[in-house]
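This report refers to the structure that appears directly beneath it.
The values are calculated or read from the model by the stated rules, or taken from the named source; none is laboratory data. Everything numeric here is computed off the predicted structure, so don't read it as measured data. Positions of Cβ are generated from backbone atoms using ideal geometry, with glycine treated the same way; all protein chains shown enter the neighbour counts. In case anyone asks, the SASA skips ligands and DNA or RNA and just uses the protein heavy atoms, side chains included. Shrake-Rupley method; radii C 1.70, N 1.55, O 1.52, S 1.80 Å.
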Amino acid sequence: MTLKITPIRKDFPNLKDKIHGKPLAYLDNAATTLKPKQVIDAVSAYYSHYASNIHRAVHALSQKATLQYENTREKVRKFINAKNTAEIIFTSGTTESINLVAQSYVKTFLKANDEIIISEMEHHSNIVPWQIASKETGCTLKIIPVDNNGEIDLERFKELLSSKTKLVSITHTSNVLGTINPVKEIIRIAHGHHVPVLIDAAQAVGHQTIDVQDLDCDFLAFSAHKMYGPTGVGILYGKQNLLEAMAPYKTGGDMIDSVTFEKTTYRELPYKFEAGTPDIASVIGLGAAIDYINRVGLNKISSYEKTLLSYAIKELKNISGLQVVGSPSKKAPIISFVLDGIHPHDLGTILDEQGIAIRTGHLCTQPLLKRFGVLSLSRASLGIYNTPKDIDALVGGIKKAKKVFKC
Ligand code: PLP
């Protein structure tokens, strides 16, 4: 199962550019991926040829935009194997998808003294919305600890579950450790207590197959821009019965059925949760990104990234003074590390001068960094266009930084 990398790389215009006069080694895919020309062309075609609003007008441009927008909803449904398109809500990203549930589900169903469970490895966007919703409703947030390998403590999770637990929200794949959590097992355990589960799939979708019916998750959140699609659009998948029972999140145009000054009734799903003009171009671009991933093949992508990850870990571990944080048994192509004697920010700057893009800082996971006793990390994360040459560039760049810092 091999990926034909050369034609894939040709699809990404960014990879032809030089950065500080050097070829680009883009290793910041967990933050956002580069975009193939097929996605850029789809966005450009909308703006060039049928820019118009959706769902509202009878003219040809609006009809075409509506068709493309709704076609993408069907592509998303198929991509994650949802039962029907009513369960696919377009949002602005993973963050908004989680906020939607935190506001709408929590306010509809939770009351004082109920409990919400998250884990110690969550991105801030899967922490802060629950904190705020908990404060507003008088609920308590419970945290599943992470062990030294960077894995969820499943026994502790079972202990935390009780009749007070009303929701579990957990990441599928850690954006720092790369840990791929046993989410199917977590969902099965939670459902044993009749507790619904939200999966933050921001770092999973686009790297491995996600089947919401197989997982049996109640909600799933992800972003188009981390799967070769445009920024500004995300997905909230929710089981239809839950979404139907939830109050609207944002209100205004397009989500209403009828409005009088006395009373408003809402449209059916999914429109009840899509108030106002959405990012139409980005949704259409997401459709092109899904086509792109499907054409390459998710199985091939997974297996290629796995091989590249093993090579990267082997090479990085050979560098003296470099420690990779966490060693989970199932790992996505994300490697965070510390380097003795060099602050991540300095390393990132020296690498940038060599055309190598990595992410440095707290990686939007301050509680997890605290757990591992660090304030800041360097992170290399892989995508479908990366090659061993990019890894070699990274290793060479780190060695150069060590010479500069004499360590
Ligand atoms: N969850 C995880 C695990 C992430 O890695 C990220 C972004 O890095 C997010 C949520 C937030 O995604 P977005 O900024 O696209 O809303």
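Principal axis extents of the C-alpha atoms in region 266-349 (largest first, rounded to whole Å): 59, 31, 25. Taken per residue, the accessible surface of the chain reaches 42 Å², heavy atoms only and a 1.4 Å probe. Taking amide H positions as modeled 1.01 Å from N, with prolines and chain starts lacking one, the residues under 5 Å from I356 and 5 or more places away or on another chain are A25. Using Cβ point charges alone (K and R +1, D and E -1), the dipole size of the chain about the Cα centre works out to roughly 1020 debye.
Which aspartates and glutamates does K142 reach when only Cα atoms under 12 Å apart count, and residues fewer than 8 places away in its own chain are ignored? Here the aspartates and glutamates satisfying the reach criterion relative to K142 are D114, E115, E120, E159.
By how many nm would the segment from V374 to D340 lengthen if fully extended, with 0.36 nm per residue of separation less the alpha-carbon distance? Spell out each step's value before the answer.
On the way: separation 34, 0.36 × 34 = 12.24 nm, distance 1.21 nm.
Extending this stretch completely gives an extra 11.0 nm.
Once the Cα-Cα distance is subtracted from the 0.36 nm per residue extended length, the A45 to E185 segment shows a gain of 46.1 nm. Among residues other than R77 with Cβ under 10 Å from its Cβ, the summed charge is +2 (Lys and Arg +1, Asp and Glu -1).
Here the accessible area of the chain is 53 percent carbon and sulfur, with a 1.4 angstrom probe and all protein chains present. The residue list N318, L198, G253 was ranked by how far each Cα lies along the charge dipole of the chain toward its positive end, using unit charges on Cβ atoms, and N318 comes out on top.
Distance between the 7 Å Cα→Cβ label points at E353 and H193: 5.2 nm. Each label was represented as a point 7 Å from its Cα along the Cα-to-Cβ direction; for K135 and K37 these points are 4.9 nm apart. Residue by residue, region 279-292 carries 3J(HN,Hα) couplings of 7, 4, 4, 6, 5, 5, x, 4, x, 5, 5, 5, 4, 5 Hz when phi is fed to the Karplus relation 6.51 cos²θ - 1.76 cosθ + 1.60 (θ = phi - 60°); x denotes Gly or Pro.
Once Rh for region 69-180 is found with the Kirkwood sum over Cα pairs, what is the Stokes-Einstein diffusion coefficient at 37 °C and 0.692 mPa s, in µm²/s? D, rounded to a whole number, is 213 µm²/s. Given springs between every Cα pair under 10 Å in a Gaussian network model of the chain, which of T94, T165, T349 has the largest fluctuation? Of T94, T165, T349, the most mobile in the Gaussian network model is T349.
What the Cβ-Cβ distance of D257 and S302 gives, at R0 = 51 Å and to the nearest 0.05, is a FRET efficiency of 0.75. Going by a ≥ b ≥ c, the root eigenvalues of the Cα gyration tensor, does region 190-342 fall in the rounded group (a/c under 1.5), the prolate group (a/b larger than b/c) or the oblate group? Prolate. Each residue of region 17-27 was assigned a 3J(HN,Hα) from its phi angle through the Karplus curve 6.51 cos²θ - 1.76 cosθ + 1.60 (θ = phi - 60°); the sequence is 6, 9, 10, 6, x, 10, x, 7, 9, 8, 10 Hz, with glycine and proline shown as x. Near K330, which lysines are there with a Cα under 22 Å away, not counting those fewer than 8 places off in the same chain? Excluding near neighbours in sequence, the set is K158, K184, K226, K300, K306, K314, K317. Relative to the globular-protein estimate of 2.2 N^0.38 Å, the Cα radius of gyration of region 305-393 stands at 1.05.
For the chain, the residue among S381, A393, P182 whose Cα projects farthest onto the positive side of the dipole built from Cβ charges is A393.
Considering only Cα atoms, the convex hull volume of region 40-294 works out to 120 Å³ per residue.
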